[in-house]
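What follows is a single structure, written as structure tokens, with notes after it.
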Amino acid sequence: HDAALAGDVRRLNELLDGGADVNGPNQYRSSALLYAAKTNQLQAAALLIERGAHVLMPNNSKTTALHCAASTGNIAMCQLLVAKGADVRAEDEDGDSPIDVAEDGGWEDVCAFLRQQKLTAAEAELRKAALGDDARRLALALEKAEDEELVGPHLLSEAQDRLARLESARLRPKAPDAAHGAVASTGPAAAH
């Protein structure tokens with residue numbers, strides 16, 4: 001944690017090569033990656049991720065590395081974390097997302113970047129759900145997209161139409177199986 005805080009990449013490598021747990025939490029359940037993100041140590045963060053650090057791992061207050069990077073306005077750190085799978089919609093114990101934290105700090109460039117990532121993630125999630133046959137999953141993705149008012153009306157309309165088709169198909173009675181129907185109709189006739 002101290003090496004990450006200081007951005008001491010050489011020491012981090014030594015510790016990790018010696019068997020240190022890259023995700024080992026301290027007494028606050030904070031990982032070294034959170035410390036690197038909080039102190040804008042981009043090289044240290046990149047090394048930790050390369051060595052297996054969990055980008056989504058929160059501390060005791062549900063703060064993630066992305067929350068830490070957003071709070072300091074470090075767009076390069078935010079970009080790295082998002083590229084490696086950080087969740088833009090993650091909420092800390094106060095219900096704040098990284099966008100909220102960036103807004104509180106007045107970091108407009110970080111806010112704009114994170115909002116765009118949130119939009120991209122919401123659109124991708126909705127499109128993926130709309131391509132599948134799981135009406136419940138699509139309904140949840142649609143509800144989330146509508147609640148967050150992120151995706152455009154055209155995509156929402158397409159997803160709503162797809163959901164209506166899936167639900168309609170689910171409610172339609174299934175046609176009897178041809179083989180089953182043939183056995184049933186010839187069975188009693190053969191007995192006569």
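The values are calculated or read from the model by the stated rules, or taken from the named source; none is laboratory data. On a predicted model such as this, the values are computed, not experimentally measured, just so you know. Cβ: placed from backbone, ideal geometry, glycine included. Neighbour counts: every protein chain shown. Accessible surface areas use protein heavy atoms only, side chains included; no ligands, DNA or RNA. Shrake-Rupley method; radii C 1.70, N 1.55, O 1.52, S 1.80 Å.
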Report, in whole Å, the centroid distance computed from the Cα atoms of segment 107-157 and segment 25-86.
-> 24 Å
Nitroxide proxy distance, nm - points 7 Å out along Cα→Cβ at residue 134 and residue 170 = 1.2 nm
Mind checking the per residue accessible area of segment 67-121 for me, 1.4 Å probe, whole number of Å²?
-> 45 Å²
Tail weight of P(r) past 20 Å, computed on alpha-carbon pairs of segment 74-171, percent | 44 percent
Stretch in the chain that is longest and holds no GluC sites (Glu not before Pro) that DSSP places in a loop and that have at most 16 other beta carbons within 10 Å | 1-90
Across bins of 5 angstrom width beginning at 0, how are the C-alpha pair distances of segment 1-129 distributed, in whole percent?
-> 2, 12, 22, 23, 18, 12, 7, 3, 1
Counting only protein heavy atoms and using a 1.4 Å probe, what share of the accessible area of the chain belongs to carbon plus sulfur, as a whole percent?
-> 51 percent
Give me the distance in nm between label points sitting 7 Å out from Cα along the Cα-to-Cβ direction at residue 54 and residue 14, one decimal.
-> 2.8 nm
Quotient of Cα Rg and 2.2 N^0.38 Å for segment 49-107, N being how many residues it contains | 1.03
Among 41-49, 66-74, what's the highest-first ranking by average C-beta atoms within 10 angstrom per residue?
-> 66-74, 41-49
